[in-house]
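Worksheet: the structure to be examined is printed underneath.
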Amino acid sequence: MSMSTARQYPMDFQHQVINEVKVHNRLLSDVAKQYGVSAKTVYKWVKHSETRKTENRGAIVSEIALLQQKITQLSQQLQAMAS
């Protein structure tokens, strides 16, 4: 099946399928059969969700580091004002 004719599944449906595999620890092939999706497609969804999770984690860690720097700067300014 070419990309132009590939079936598009709603995100809610994809999340439900991914949840069955990752949260309920079901076999990918069993989940694929139950939902009428190819095992290859389910594998891609699960793999993509893991990649997004890793990217999101990296962004959160970066944001925390920036906020910690800002807290340090503000604390120093507050101490300078109190002196």
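List the residue pairs whose Cβ atoms are under 7 Å apart, where the first residue sits in region 39-64 and is free of Cβ contacts under 8 Å to residues at least 24 places away in the same chain and under 17 Å from Gln8 (Cα atoms), the second is of a type in the set (D, E, K, R) and exposed (fewer than 10 other Cβ atoms within 10 Å of the Cβ), and the two are 6 or more positions apart or on different chains.
Nothing qualifies.
Please go through region 33-83 and give me each residue that is open to solvent by less than 70 Å² (accessible area, probe 1.4 Å), of a type in the set (S, T, N, Q) and under 24 Å from Val21 (Cβ atoms), ordered by number.
Ser38, Thr41, Ser49, Thr51
The values are calculated or read from the model by the stated rules, or taken from the named source; none is laboratory data. All values reported here derive from a predicted model rather than from experimental measurement. As a convention, Cβ positions derive from the backbone with ideal geometry for all residues, glycine included, and neighbour counts pool all protein chains shown. These area figures cover heavy atoms from the full protein model, side chains too; ligands, DNA and RNA do not enter into them. Shrake-Rupley method; radii C 1.70, N 1.55, O 1.52, S 1.80 Å.
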